[in-house]
Structures are given as structure tokens and as C-alpha cells.
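Input: a single structure, listed below in C-alpha cells.
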Amino acid sequence: MKDLNVTLVQADQIWEDKAANFRNYERLLSEIDQTDLILLPEMFNTGFSMNAPALAEPFNHSTSVQWLQELARTKDAAIYTSLIIEENGNYYNRGVFVQPDGTISVYDKRKTFGLAGEDKVYSKGERSVIVNYKGWSIRLQICYDLRFPEISLNHQLDNAPQYDLLLYVANWPERRSVHWRSLLPARAIENQVYVAAVNRVGNDQAGLTYSGDSCVIDLLGNRLMDITQEEQVVSIRLSHKKLQDLRGKLPFLKDREI
């Protein structure tokens with residue numbers, strides 16, 4: 001199994017300005033020549049907005065999704081992020097995992113954030129999604145999902161864990177950064193997986209400040225990458241062999257009750 005190069009893009013998002021956000025990501029990613037997977041923050045092109053009627057795009061005709069597909073093709077890398085999608089009269093905070101060949105896997109955020117009124121605007125997703133990419137099994141999550149361990153449980157199937165890498169894209173405010181920094185290693189340890197999580201920085205129109213704290217964590221809870229409070233693009237190589245070796249030495253998942 002080959003290693004996986006993962007790139008976190010910790011960006012300051014421009015409020016509800018898709019074109020400006022596209023330009024900013026293009027600037028930030030301009031020096032990245034080779035990687036396998038790029039993570040952009042939640043609602044990457046608008047910030048965490050409840051203005052869905054004005055910002056939502058139909059999935060099958062989304063210029064933002066097309067932009068992501070072109071970026072994935074140009075960088076020869078998969079991209080995971082979320083954006084506002086309208087479908088059948090409903091709005092979704094939709095995660096999209098875009099592969100270099102244009103293939104898209106979608107994950108609708110299962111836990112909508114009531115404190116911000118997200119639950120009143122966006123419909124909840126109803127299913128978990130695991131993507132197979134370059135031999136890795138990857139589970140998709142979005143921001144507030146992090147608080148609910150039951151929707152990320154890594155069960156053993158045929159004596160093998162369901163997935164290897166857990167992704168979070170977020171707009172997680174600085175005032176609750178202790179929760180972010182505590183829950184991410186918990187998810188890695190309890191599921192015996194790598195966790196890669198990208199959060200935004202800067203301020204939004206609601207007056208919230210975001211401290212970033214984007215990171216990559218191994219299955220022992222060790223921080224392999226930890227980004228400070230500014231725009232940064234950082235890459236790391238994840239070893240599948242190390243993951244398998246540690247799982248073999250610490251076979252805890254077999255004792256999980258379904």
C-alpha cells in the first residue's frame with residue numbers, strides 16, 4: 001500500500017464572495033506541485049453562511065464544483081471540501097470529494113449546527129460515506145460532526161477496519177478551540193485511524209474569530225502536523241504500513257461492540 005501525501009489549506013475566507021475565494025485558493029496552492037489529497041475549509045467558497053437562497057448552486061450545474069474538478073485535474077490530486085448545494089427544493093452543506101479524473105463522491109453533513117441556525121436552513125444528511133482512493137479507505141465528515149463519535153465508529157468487517165483516514169473540513173470558532181483540539185485526537189485513538197482536519201482562520205460577518213488549529217493526528221493521538229493562526233499550506237506523508245503495524249500491535253477494534 002503506497003503512502004498518501006495530504007495537503008491542508010488553512011485559509012482566510014472572503015465572506016460570500018466566490019470569485020475572491022477562488023483567487024485566494026489559487027494563490028495559496030500556486031507552489032504545490034505534487035500531492036495526493038488537498039483539504040479546503042468548510043463552505044470553501046462563501047464562509048459559513050446561512051444565506052443559502054442567494055448562494056446555493058444546483059449540484060449538476062455548479063460552477064464551484066466545476067472549479068474544483070479543474071483544480072483536481074490540474075494538480076493531479078483529489079480535493080475534499082464542502083459547499084452550499086440546492087437539490088429538490090432543499091439546501092445542503094454538502095461535502096464533495098473530487099478525484100483528478102472528475103469523479104465525485106458526496107457527503108451531506110449529518111449534524112447541522114443549531115447554535116448558528118444551520119438546522120433551520122440546511123437539511124441533514126442521512127448516511128455515512130467512505131471513499132476508496134489510491135488504496136486508502138477514507139471517511140468524510142464536516143465540522144460539527146466531530147462532536148458525535150457514533151457517526152465515525154470504525155467497525156471491523158471481515159477482520160479489517162472499515163477505514164484508514166478520517167477527514168474534517170470546518171469553520172470552527174476560536175472560542176471553542178479547546179473542544180476542537182481535544183476531540184480530534186479522541187476520534188483518531190478510538191477509531192485507530194489518521195485524522196486530517198482543516199479549519200479556517202480570520203473573522204466572519206457574524207463577528208466570530210477562527211484560530212485555524214488545522215492538524216494531522218495519528219492513531220496514537222500524536223499530532224504529526226499542527227498549524228498556527230495564519231494562512232498556511234502544509235503537506236505531510238502518511239504511511240499505511242505504520243498504520244497497519246500499530247493496529248497489529250494494538251488490536252483494539254476487534255473488541256468494539258456493534
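The values are calculated or read from the model by the stated rules, or taken from the named source; none is laboratory data. The model shown is predicted, which means the values in this text are computed figures rather than measured ones. Note that we place each Cβ from the backbone using ideal geometry, even for glycine, and neighbour counts take in every protein chain shown.
The figures follow:
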read-out: Contacts under 7 angstrom Cβ, first residue in the range 109-126 being farther than 15 Å from G95 by Cα, partner aliphatic (A, V, I, L, M) and buried (at least 17 other Cβ atoms within 10 Å of the Cβ), 6 or more apart; value: V121/A52
read-out: When residues of the range 152-172 are limited to those that are touching a Ser or Thr at 6+ places or on another chain (Cβ under 7 Å) and aliphatic (A, V, I, L, M), the one farthest from L250 (Cα to Cα); value: V169
read-out: Failed criterion for K134 (all others in (1) touching a residue at least 24 places away in the same chain (Cβ under 8 Å); (2) under 17 Å from A170 (Cβ atoms); (3) of a type outside the set (G, A, S) hold); value: (2)
read-out: Residue match in the range 172-194 (condition: of a type in the set (F, W, Y), part of a helix (DSSP H, G or I) and under 17 Å from the mean Cα position of the chain (by Cα)); value: yes
read-out: Hits in the range 216-258 - residues which are closer than 14 Å to N5 by Cα, touching a residue at least 60 places away in the same chain (Cβ under 8 Å) and of a type in the set (A, V, I, L, M, F, W, C); value: V216, M225, V233, V234, I236, L238
read-out: Members of the range 33-45 that are farther than 14 Å from G95 by Cα and surrounded by 15 or more Cβ atoms within 10 Å (Cβ to Cβ); value: T35, D36, L37
read-out: When residues of the range 112-135 are limited to those that are of a type in the set (K, R) and within 18 Å of the chain's Cα centre (by Cα), the one nearest to V98 (Cα to Cα); value: K134
read-out: Condition check for I85: more than 14 Å from the chain's Cα centre (by Cα) and free of Cβ contacts under 8 Å to residues at least 40 places away in the same chain; value: yes
read-out: Top-ranked residue of the range 32-44 - restricted to ones that are modelled with pLDDT of 95 or more and β-branched (V, I, T), ranked as farthest from S211 (Cα to Cα); value: T35
read-out: Top-ranked residue in the range 84-138 [being aromatic (F, W, Y) and part of a loop (DSSP other than H, G, I, E, B); ranked as farthest from P58 (Cα to Cα)]; value: F113
read-out: Hits in the range 213-258 (condition: part of a helix (DSSP H, G or I) and under 21 Å from P149 (Cβ atoms)); value: L243, L246, R247, L253, K254, D255
read-out: Tally, over the range 1-38, of residues that are part of a strand (DSSP E or B), under 17 Å from M225 (Cβ atoms) and in contact (Cβ under 8 Å) with a residue 60 or more places away in the chain; value: 8
read-out: Subset of the range 73-98 [touching a Ser or Thr at 6+ places or on another chain (Cβ under 8 Å) and either surrounded by fewer than 21 Cβ atoms within 10 Å (Cβ to Cβ) or of a type in the set (S, T, Y) (or both)]; value: K75, N90, Y91, Y92
read-out: Set V195, V216, V201, V233: member being crowded, with 22+ Cβ neighbours inside 10 Å and in contact with a Ser or Thr (Cβ under 9 Å, 6 or more places away or on another chain); value: V201
read-out: Test: A206 is out of contact with any Leu (no Cβ under 8 Å at 6 or more places or on another chain), modelled with pLDDT under 95 and either of a type outside the set (D, E, K, R) or buried (at least 20 other Cβ atoms within 10 Å of the Cβ) (or both); value: yes
read-out: Qualifying position, being of a type outside the set (V, I, T), modelled with pLDDT of 95 or more and within 15 Å of L37 (Cβ to Cβ), among L167, L146; value: L167
read-out: Restricting the range 4-31 to residues that are under 19 Å from the mean Cα position of the chain (by Cα) and over 24 Å from L208 (Cβ atoms), the residue that is surrounded by the fewest Cβ atoms within 10 Å (Cβ to Cβ); value: E26
